[in-house]
Amino acid sequence: MAGVIKSEGRFLLQPDPALTARVQHASDIALLKKELSPPELRGLLERILQRLDALE
Amino acid sequence: MITIIRNPDRSIKTYSEFSDDPAALLPGESLETVNAAFSEYSRRFTLACAGRSGETLRFPRASGDLTVEVRCPGESTAALDINGQVETLPLINGQAALLLGTEVPGTFVLKPADTARYCPAGQAILVIEVV
C-alpha cells in the first residue's frame with residue numbers, strides 16, 4: 001500500500017514507481033517508433049524493470 | 001442487541017444483529033454483546049466520498065481534489081487511518097471533511113484508527129482508487 005503525505009491540508013499518495021511507470025505506457029509504446037537515444041533506452045528499461053518487479 | 005466478534009488483538013472483526021455461535025470462533029477470538037440497535041451501532045463511524053459509502057470508488061488521475069466526509073456522531077474528534085498514517089480530525093457536530101489529492105495514481109484506504117472501538121468494515125472503510 002502506498003504511503004501518504006500531508007501537504008497544505010491535503011493528503012497525497014507517495015508515488016509508486018510501478019504505477020508511475022504504468023501511466024507512461026502509451027508514451028513508451030510511441031517511443032518504440034523512433035530511434036532511441038541511450039538515456040531514452042535506459043529510462044524505458046528502468047520502467048519495464050519496475051513494472052516487472054511489481055509483478056513478482 | 002448486537003453481537004461483536006473480536007480478533008485476538010481485541011480489534012473488532014465483525015458484528016451482527018444475530019447471535020453468533022461461540023463454537024464458530026477461531027482461536028483467540030471472543031464474543032460480546034452490546035445493547036444497541038444495528039443501525040445505530042453501524043453509524044457510529046462512517047466515511048463517504050461523492051455521496052457514496054461502503055464501496056470501492058475509482059477516480060481518474062488529476063481529476064481534482066476529493067472530499068471525504070467523516071461522521072462520528074456525539075464525538076469531538078475522530079482518529080482516521082489513511083494508508084497507515086493516523087490523522088486526528090476535530091469534529092463539528094460530529095462531522096469533518098478531509099481532502100485527497102488525485103495527482104498521483106494509487107489507492108487510498110481510509111478506516112478508523114481505533115479498531116477496538118470501531119469495526120473497519122462496511123461504511124467505516126473507504127477504498128479510493130486513483131487510476
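So how many residues does the stretch B:32-65 have that are aromatic (Phe, Trp, Tyr) and in a strand (DSSP E or B)? Write out each step before concluding.
Step one: list which residues in the stretch B:32-65 are aromatic (Phe, Trp, Tyr), which gives B:38, B:41, B:45, B:59.
Still in the running and in a strand (DSSP E or B): B:59.
Here the count works out to 1.
When you look at B:GLY122, is it modelled with pLDDT under 95 and more than 19 Å from A:GLU8 (Cα to Cα), yes or no? Yes: the conditions hold for B:GLY122.
For B:LEU91, are the conditions met, namely being crowded, with 16+ Cβ neighbours inside 10 Å, modelled with pLDDT of 95 or more and closer than 13 Å to B:ILE128 by Cα? Spell out how you get there, then give the answer.
Numbers: crowded, with 16+ Cβ neighbours inside 10 Å: yes; modelled with pLDDT of 95 or more: yes; closer than 13 Å to B:ILE128 by Cα: no.
Against the criterion (crowded, with 16+ Cβ neighbours inside 10 Å, modelled with pLDDT of 95 or more and closer than 13 Å to B:ILE128 by Cα), B:LEU91 does not qualify.
Here is a check on your reading of the model: is B:ALA36 surrounded by 12 or more Cβ atoms within 10 Å (Cβ to Cβ) and either aliphatic (A, V, I, L, M) or in the same structural domain as B:ILE125 (by TED's automatic domain parsing) (or both)? Answer is yes for this residue. Take the residues in the stretch B:66-97 that are in contact (Cβ under 8 Å) with a residue 12 or more places away in the chain, in a loop (DSSP other than H, G, I, E, B) and over 19 Å from A:ASP16 (Cα atoms); name whichever of them is nearest to the other protein chains (Cβ to nearest Cβ). Going through the qualifying residues, I end up with B:LEU91.
Say whether the condition of being in the same structural domain as B:ALA124 (by TED's automatic domain parsing), β-branched (Val, Ile, Thr) and surrounded by 13 or more Cβ atoms within 10 Å (Cβ to Cβ) is met by at least one residue in the stretch B:60-72.
yes
The values are calculated or read from the model by the stated rules, or taken from the named source; none is laboratory data. A quick note: this is a predicted structure, and the numbers were derived from the prediction, not measured. Neighbour counts run over all protein chains shown; Cβ positions are idealised from the backbone, glycine included.
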